[in-house]
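Reviewing the structure listed below.
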Amino acid sequence: MTLRFLFSLVASCLLLLTGCKETTDASGGTSGAALYAFDSTTSQVFVWKDLGTLYDSTATLAPTYRISSTLFTKVTALAWGGVCFDSQRGVLYLVSETGTIVRVSSIRTQTGSVPSAEVVSFALSNTGRLTNGKFGQVALDSQNNTLYITENGDSSTQIWVVASASAQGQDASVTLQALQNSSDSGGTGVVAASGVVYGFFLDGGTVGIEALTGPRLRRGSATSFGATDVILGSSTALGKYGVLALDTANGYLFVGRHNTDAASTASPIQVFRTGQFGLSYNQAPYLTLGSATGQPDIRVLTHAGNRDWLVGLKGTGTVGAGTFYVWKQPMAGSAAKSILAPTGSVVKGVAIDGNAS
């Protein structure tokens with residue numbers, strides 16, 4: 001019996017003992033949350049100032065505001081999951097699949113055309129990009145003002161690290177600083193908070209004495225992923241197009257799986273405790289969410305962080321749609337509600353502001 005196994009056994013017991021003391025609403029309830037979505041059809045940001053009102057509506061509700069800028073056309077080809085929110089500074093980031101970034105300041109007070117002083121466009125450098133690389137899910141660590149952007153190429157993957165994101169100037173070119181694991185591929189998910197980064201990868205080198213392979217979750221810092229902070233194996237239920245969302249208040253990591261492309265008929269969202277990293281590799285989720293038939297096509301997932309909302313986006317292959325899957329207090333077992341964006345919308349990125357009021 002190895003020391004790692006003994007440690008894992010003790011830690012797992014402690015995790016179970018402490019887990020029962022936690023509440024699902026420690027994140028501060030559900031009030032005061034706003035939803036932001038980018039529509040590639042109109043190159044506008046749709047804003048619903050009260051996510052609760054949207055949730056309680058019928059199948060569709062017009063956005064409170066439609067925000068526009070001439071710079072938004074630079075990100076019309078939005079990356080999957082290419083929207084993230086800086087709750088500390090009130091800044092919205094939009095990232096295209098070709099590496100162009102648009103930053104909108106004072107987003108909470110924008111109601112129409114954004115003044116030129118409040119919107120900036122910059123880009124990731126062409127040097128260091130992967131062969132036929134395309135960018136995907138993005139995340140913003142508000143505490144450290146750092147933007148993380150996934151990129152996938154023909155045979156490898158990497159995560160770009162953009163430090164001082166709110167200070168990047170108009171037309172700046174960001175030099176590659178990569179947070180990557182050279183043996184991994186298919187990196188489609190990233191979230192970050194307080195200097196800790198989580199990533200999803202579809203495959204990579206073998207891990208541990210069991211030589212485990214396949215989809216995996218990694219935890220690391222702004223510079224590297226830990227060699228042993230990884231979850232993978234047959235018990236994990238991870239699968240293709242894994243996208244991440246993080247409940248920072250309660251320490252839950254949500255992993256969305258695209259059931260259709262992953263050929264799965266199980267619940268599409270796996271929830272792991274952040275404390276599970278560093279224990280045994282092959283771990284089952286803390287619990288699962290969603291309907292295998294009701295949400296078989298999740299391509300984007302985001303959590304309010306300090307409010308109890310989880311939102312997913314529907315997508316098929318490379319094509320975005322205009323359907324939101326919204327969970328109110330997801331850990332309490334609530335079912336998702338399907339909500340439609342305005343007719344004709346193509347939405348591939350969404351973010352929640354938990355401090356909207």
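What FRET efficiency do you get for ALA167 and THR293 if R0 is 41 Å and r is their Cβ-Cβ distance, rounded to the nearest 0.05?
Details: r = 46 Å, r/R0 = 1.12.
Here the calculated transfer efficiency is 0.35.
Would you tally the net charge around SER121, using a Cβ to Cβ cut-off of less than 13 Å, leaving SER121 out, and scoring K and R as +1, D and E as -1? Present the calculation step by step, with values, prior to reporting the outcome.
Values: positive: LYS74, ARG103; negative: GLU118, ASP171.
My count for the surroundings of SER121 gives 0.
Projected label points at THR111 and SER183, each 7 Å from Cα along the beta carbon direction, are separated by 5.6 nanometres. Looking at the square roots a ≥ b ≥ c of the eigenvalues of the Cα gyration tensor of region 289-357, which shape do they give, rounded for a/c under 1.5, prolate if a/b is larger than b/c, or oblate? Verdict is oblate for region 289-357.
Please work out the FRET efficiency for the pair THR206 and THR127, using the Cβ-Cβ distance as r and a Förster radius of 41 Å; give the result to the nearest 0.05.
Working: r = 32 Å, r/R0 = 0.77.
In this case the efficiency is close to 0.85.
Restricting region 107-160 to chymotrypsin sites (Phe, Trp or Tyr not before Pro) that sit in a DSSP loop and have at most 14 other Cβ atoms within 10 Å of their own Cβ leaves nothing.
What does the charge add up to near ILE298, with Lys and Arg as +1, Asp and Glu as -1, over the other residues with Cβ less than 10 Å from its Cβ? So the surrounding residues net to +2.
From helices alone, the chain scores -2000 deg cm²/dmol at 222 nm; the rule is -39500 (n - 2.57) for each run of n ≥ 4 DSSP H residues, then divide by the residue total.
Relative to the longest principal axis of the Cα atoms of the chain, helix 3-19 runs at roughly 50 degrees.
Spin-label model, SER234 to GLN88: label points 7 Å out along the Cα-to-beta-carbon direction sit 4.4 nm apart.
The count of lysine pairs in the chain with alpha-carbon distances below 24 Å, taking only pairs 8 or more places apart or on different chains, stands at 20.
Look at the alpha carbon pairs under 8 Å that are at least 6 residues apart: their mean separation over the length of the chain gives a relative contact order of 17 percent. Could you check which residue among GLY187, GLY242, GLY233 shows the biggest mean-square fluctuation in a GNM of the chain with a 10 Å Cα cutoff? Most flexible of the set in this elastic network: GLY233. Given axes a ≥ b ≥ c from the Cα gyration tensor, I'd like to know whether region 238-344 is rounded (a/c under 1.5), prolate (a/b larger than b/c) or oblate. Judged from the Cα gyration tensor, region 238-344 comes out oblate (a/c at least 1.5, b/c at or above a/b).
If you wrap region 107-256's Cα atoms in a convex hull and average its projection over all directions, what's the area in nm²? Mind showing how you got there, number by number?
Values: hull surface 41.6 nm².
Spelled out: convex hull of the Cα atoms, projected over all directions, averaged, 10.4 nm².
Summing Lys and Arg as +1 and Asp and Glu as -1 over all other residues whose Cβ lies under 13 Å from the Cβ of VAL190 gives a net charge of -1. Centroid-to-centroid, using Cα positions, region 161-177 and region 260-333 are 30 Å apart. Indicate the gyration tensor shape class of region 172-329 (rounded, prolate or oblate), computed on the Cα atoms with a ≥ b ≥ c the square roots of the eigenvalues: a/c under 1.5 is rounded; otherwise a/b larger than b/c is prolate and the rest oblate. Rounded is the answer for region 172-329, as its axis ratio a/c remains below 1.5.
In a fully extended conformation the segment linking SER334 and ASP261 would gain 23.8 nm over its present Cα-Cα distance, using 0.36 nm per residue. Note down the relative contact order for region 112-180 as a percent, whole number, built from C-alpha pairs under 8 angstrom at least six residues apart. Computed value for region 112-180: 35 percent relative contact order.
Only the coordinates and a few stated rules stand behind these numbers; no lab work does. Quick caveat: nothing in here was measured; it's all calculated off a predicted structure. Note: ideal-geometry Cβ built from the backbone for every residue, glycine included; neighbour counts use all protein chains shown.
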